[in-house]
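Scroll down for the structure; my scribbles are underneath it.
The values are calculated or read from the model by the stated rules, or taken from the named source; none is laboratory data. Computed from a predicted structure; not experimentally measured. A quick note on method: Cβ atoms are made from the backbone with ideal geometry, for glycine too, and the neighbour counts reach across all protein chains shown.
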Amino acid sequence: MSIPRKFYKRDTEIVARELLGKRLVRKIGRGVMSGVIIETEAYKHRDDPASHAFKSMTRRNRVMFGEVGMAYVYFTYGMHYCFNVVARSAGVEAGAVLIRAVRPEKGINMMQKNRGMKNIDNLADGPAKLTQAMRIAESHYGADLTDSHGIYIADGPKPRKISASARIGIRQATDRLWNFKSV
DNA sequence: GTGCAGATCCCCT
DNA sequence: GGGGATCTGCACG
């Protein structure tokens, strides 16, 4: 069962923390892949120079301004996709949570095939690795993650402990500890 | 283990 | 025209 939309209608930072331990589920035909989310990052709006939504709405970032619980998928570095969930509290214009890593559970064989690797430790421990492992791409831009269809987020094991640190790979706003990992 | 180069292209101003 | 919410392989020692 997918998590209801109201879960995502809260402060982006809170949702980023609470997505830790949830399951990302991907169905392709009869196949199912899933993994437990173990690392996330919050990206906000005008108060966050590192966010794609920092400036005005554009073709790329427009879904960050739309309904919460939708997928924001973007293409970067000429070859990688990254996967986010739109989340923000009422009255805030834009926000999303980047899913940076999952611990594979189901469909590990499929992920290995999609990644062209056998090492389980490297399968989905990075934002572009998990999209490659689960075959997430531009066709998922704007997908409703509260729908239990091809891609969605479901409940999972609560993390014991959460650590917060600076977000990875950004130049701006490095003082904000909006990267969250379950420990 | 760390560090760097190269791949590769869409998006914006 | 420039830069990017990245990954991999190779070099090092």
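Looking only at the stretch A:139-149, decide whether some residue is more than 14 Å from DNA strand C (Cβ to nearest atom) and at positive phi.
yes
I need a count of the residues in the stretch A:38-75 that are farther than 19 Å from A:Glu18 by Cβ, modelled with pLDDT of 95 or more and of a type in the set (Ser, Thr, Tyr).
Count: 3.
Restricting attention to the stretch A:107-154, and to residues there that are basic (Lys, Arg) and part of a helix (DSSP H, G or I), which single residue is surrounded by the most Cβ atoms within 10 Å (Cβ to Cβ)?
A:Lys129
Could you pull out every one of the strands (runs of 3 or more DSSP E) wholly within the stretch A:1-99 that has 3 or more residues that are more than 10 Å from DNA strand C (Cβ to nearest atom) and within 14 Å of the chain's Cα centre (by Cα)? Explain how you work it out, then say what you get.
Working: elements: A:23-28, A:31-43, A:71-76, A:80-86.
Once the strands (runs of 3 or more DSSP E) in the stretch A:1-99 are filtered for at least 3 residues that are more than 10 Å from DNA strand C (Cβ to nearest atom) and within 14 Å of the chain's Cα centre (by Cα), what remains is A:23-28, A:31-43.
Being outside any loop (DSSP other than H, G, I, E, B) and either hydroxyl-bearing (Ser, Thr, Tyr) or more than 21 Å from A:Ser34 (Cβ to Cβ) (or both) is the filter here; which residues of the stretch A:163-183 pass it?
Initial filter on the stretch A:163-183 (outside any loop (DSSP other than H, G, I, E, B)): A:163-165, A:179-182.
Across the stretch A:163-183, the qualifying residues are A:Ser163, A:Ala164, A:Ser165, A:Asn179, A:Ser182.
Going through the stretch A:40-93 one residue at a time, which ones are crowded, with 19+ Cβ neighbours inside 10 Å, among the aliphatic types (A, V, I, L, M) and within 12 Å of DNA strand B (Cβ to nearest atom)?
Answer for the stretch A:40-93, where residues must be crowded, with 19+ Cβ neighbours inside 10 Å, among the aliphatic types (A, V, I, L, M) and within 12 Å of DNA strand B (Cβ to nearest atom): A:Ala53, A:Val63, A:Met64, A:Val73.
What about A:Gly35, is it at positive phi, touching a residue at least 24 places away in the same chain (Cβ under 8 Å), crowded, with 19+ Cβ neighbours inside 10 Å and not aromatic (Phe, Trp, Tyr)?
no
Does the stretch A:115-128 include one or more residues that are under 11 Å from the mean Cα position of the chain (by Cα) and more than 16 Å from A:Ser51 (Cβ to Cβ)?
Checked against the condition, which is being under 11 Å from the mean Cα position of the chain (by Cα) and more than 16 Å from A:Ser51 (Cβ to Cβ), the stretch A:115-128 yields at least one hit.
Please specify each residue of the stretch A:109-128 satisfying the condition of being free of Cβ contacts under 8 Å to residues at least 24 places away in the same chain, closer than 17 Å to A:Val25 by Cβ and out of contact with any helix residue (DSSP H, G or I) (no Cβ under 6 Å at 6 or more places or on another chain). Explain how you work it out, then say what you get.
We begin by selecting, within the stretch A:109-128, every residue free of Cβ contacts under 8 Å to residues at least 24 places away in the same chain; these are A:109, A:112-123.
Subsequent filtering for residues that are closer than 17 Å to A:Val25 by Cβ retains A:109, A:114, A:123.
Scanning the stretch A:109-128 gives a single hit, A:Asn109.
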